[in-house]
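The values are calculated or read from the model by the stated rules, or taken from the named source; none is laboratory data. Keep in mind that this is a model prediction, so the values were computed, not measured. Cβ placement follows ideal geometry from the backbone for every residue including glycine, while neighbour counts extend to all protein chains displayed. When the accessible area is computed, the model is the full protein with side chains, heavy atoms only, and any ligands, DNA or RNA have been set aside. Shrake-Rupley method; radii C 1.70, N 1.55, O 1.52, S 1.80 Å.
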Amino acid sequence: MTDLKKFTISYLDGLKSAEKGKRYSVYDSICPQLGLRVTDSGSKSFFVMKKMPGTMKVVRITLGKYPVMTISQARDAAMEATRYISQGINPNDDKRRFREQATLGELYKDFMERYSKKEKKSWKYDEREIVKFYSDWFNRKISSITKQQIQKRHEDIRSNHGLYQANRCLERLRAMYNKAIEWGWDGLNPTNGIKKYKEIKRDRFLLASEAKAFFASLDAEENTVARNYFYMALFTGARKTNVLEMRWDQIDLKNAIWRIPDTKNGEPVIVPLIPAAVELLKRIPKDSEWVFPNPRSTSGHFEDPKKPWARILERAGITDLRIHDIRRTLGSWQALTGASLPIIGKSLGHKSTEATQIYARLSNDPVRDSMTKAVTELMGQK
């Protein structure tokens, strides 16, 4: 490559038009796979040129015109295009297909394989719910689905499944269309302008008046793995998926800590284990790599606590208490017993730009003390 220079606004703006009937290219020293083509009319376009693996074929992908596309955007696009080419995928084929009108089903497949499964920890929800609520549109061209039809579907989902489900489905469909545009479709996103329903922040947690009946019902649960899971969820305040996927190699009983290597926030979290959690772990047989095993599941661990949860609530005569409310219960009882917000935030693994530095300065001891005090107070209601 020639003319390897750092792309800056002043450098690109200063490039002269090519001679009549000719054009020339320069390349970025920060992102060498990124080039800029300058024509005799002064037009400037970003591009990537790379050989397909295992072939002699060189692929050239036009990314966009400067300055409509910024240098930062061009570098990001170049890195993404290079990654696809390295995997044997020609982005030009995708652009051509989307220009020729992909179906919603084809877009869904691309969305899952190229984006959701690679970038999102919650990809299983995309896989399940896009199919559930939009599969009847899978054979339709993406341009044929109108804003009015999506608005009607949004309203129908709210009526039949609630506003939270409707909002999540709209977000998923909007993300799919945004990816279609990114991958070369030149249409407009039909979800633009459709408003999500106003959500009321849930504040439900296990009340003192419910605790005795709840714990009696929990102790009576015949599914031992489920019973242990719910107690551990309460003792740690960890997210549902993290508790379900708890492994013995993550547990340090000597120091009473649980290291979750991969969380929703994308960072590992150290969870202090209160004495009740340590005692529970000591009683659970180590017959599997999983703390809560289920040999009949594909993963090997307990996956679906909904049925035992429903039995526990029915025996206890409790309504409107969700599994996620267990996590909120620990935080709420910490607050009721006088814990500060930073202590609660760290014990629940919250991530916030305003409080990150405060959380980082906290040791595990006061966090564990606060969690122990909250659980002791709550269990005292039995």
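Here MET232 meets the list (1) modelled with pLDDT of 95 or more; (2) crowded, with 20+ Cβ neighbours inside 10 Å almost entirely, failing just condition (1).
ARG172: open to solvent by 60 Å² or more (accessible area, probe 1.4 Å), in a helix (DSSP H, G or I) and either among the β-branched types (Val, Ile, Thr) or under 20 Å from GLU127 (Cα atoms) (or both), yes or no? Before you say what the answer is, go through the steps one by one.
On the way: open to solvent by 60 Å² or more (accessible area, probe 1.4 Å): no; in a helix (DSSP H, G or I): yes; either among the β-branched types (Val, Ile, Thr) or under 20 Å from GLU127 (Cα atoms) (or both): yes.
Considered against the rule, which asks whether it is open to solvent by 60 Å² or more (accessible area, probe 1.4 Å), in a helix (DSSP H, G or I) and either among the β-branched types (Val, Ile, Thr) or under 20 Å from GLU127 (Cα atoms) (or both), ARG172 comes out as no.
Scanning the range 241-257 for residues that are touching a helix residue (DSSP H, G or I) at 6+ places or on another chain (Cβ under 8 Å) and closer than 14 Å to ASN228 by Cβ yields VAL243, LEU244, MET246, ILE251.
Considering ARG204, ARG174, ARG227, ARG168, which residue is touching a Ser or Thr at 6+ places or on another chain (Cβ under 6 Å) and on the phi < 0 side of the Ramachandran plot?
On the way: ARG204 fails: touching a Ser or Thr at 6+ places or on another chain (Cβ under 6 Å); ARG227 fails: touching a Ser or Thr at 6+ places or on another chain (Cβ under 6 Å); ARG168 fails: touching a Ser or Thr at 6+ places or on another chain (Cβ under 6 Å).
Criteria check complete, one pass: ARG174.
Every condition in (1) surrounded by fewer than 15 Cβ atoms within 10 Å (Cβ to Cβ); (2) modelled with pLDDT of 90 or more; (3) in a loop (DSSP other than H, G, I, E, B) holds for ILE318 except the one numbered (1). Do the conditions hold for ASP3, that is, is it modelled with pLDDT of 90 or more and open to solvent by 30 Å² or more (accessible area, probe 1.4 Å)? Answer is no for this residue. Pairs, please: C-beta under 7 Å, at least 6 apart or cross-chain, first residue free of Cβ contacts under 8 Å to residues at least 60 places away in the same chain and within 23 Å of ALA78 (Cβ to Cβ) and in the range 14-31, second among the hydroxyl-bearing types (Ser, Thr, Tyr) and surrounded by 12 or more Cβ atoms within 10 Å (Cβ to Cβ)? As it stands, the answer is ALA18/TYR24; ALA18/THR39; ARG23/THR39, since those pairs meet every condition given. Per this entry, THR224 is counted among residues that are among the β-branched types (Val, Ile, Thr) and either more than 28 Å from GLN165 (Cβ to Cβ) or modelled with pLDDT of 95 or more (or both).
Starting from residues that are of a type outside the set (Lys, Arg) and free of Cβ contacts under 8 Å to residues at least 12 places away in the same chain, keep the ones in the range 123-148 and report whichever is surrounded by the most Cβ atoms within 10 Å (Cβ to Cβ). Write out each step before concluding.
Residues of the range 123-148 of a type outside the set (Lys, Arg): 123, 125-127, 129-131, 133-139, 142-146, 148.
If we keep only those that are free of Cβ contacts under 8 Å to residues at least 12 places away in the same chain too, we end up with 123, 136, 144, 148.
Details: TRP123: 15, ASP136: 9, SER144: 12, GLN148: 10.
The residue in question is TRP123.
Within the range 224-275, the residues that satisfy the criterion of being more than 22 Å from ALA374 (Cα to Cα), in contact (Cβ under 8 Å) with a residue 40 or more places away in the chain and of a type in the set (D, E, K, R) are GLU245, ARG247, ASP249, ASP262, LYS264, GLU267.
Restricting attention to the range 276-287 and to residues that are touching a residue at least 24 places away in the same chain (Cβ under 8 Å) and outside any helix (DSSP H, G or I), the residue that is surrounded by the most Cβ atoms within 10 Å (Cβ to Cβ) turns out to be ILE284. Of everything listed in (1) surrounded by fewer than 15 Cβ atoms within 10 Å (Cβ to Cβ); (2) within 18 Å of ILE194 (Cβ to Cβ), the single unmet condition for ARG158 is (1).
Output the residues belonging to the range 1-20 that are assigned to a loop (DSSP other than H, G, I, E, B) and small (Gly, Ala, Ser). Residues satisfying the conditions are GLY14, SER17, ALA18. Being at pLDDT 95 or above and within 18 Å of THR376 (Cα to Cα) is the requirement here; does LEU280 meet it? Against the criterion (at pLDDT 95 or above and within 18 Å of THR376 (Cα to Cα)), LEU280 qualifies.
A search for C-beta distances below 6 Å between a residue of the range 309-335 that is closer than 18 Å to LEU378 by Cα and any residue that is basic (Lys, Arg) and open to solvent by less than 60 Å² (accessible area, probe 1.4 Å), counting only pairs 6+ apart in sequence or on different chains, returns ASP325/ARG204.
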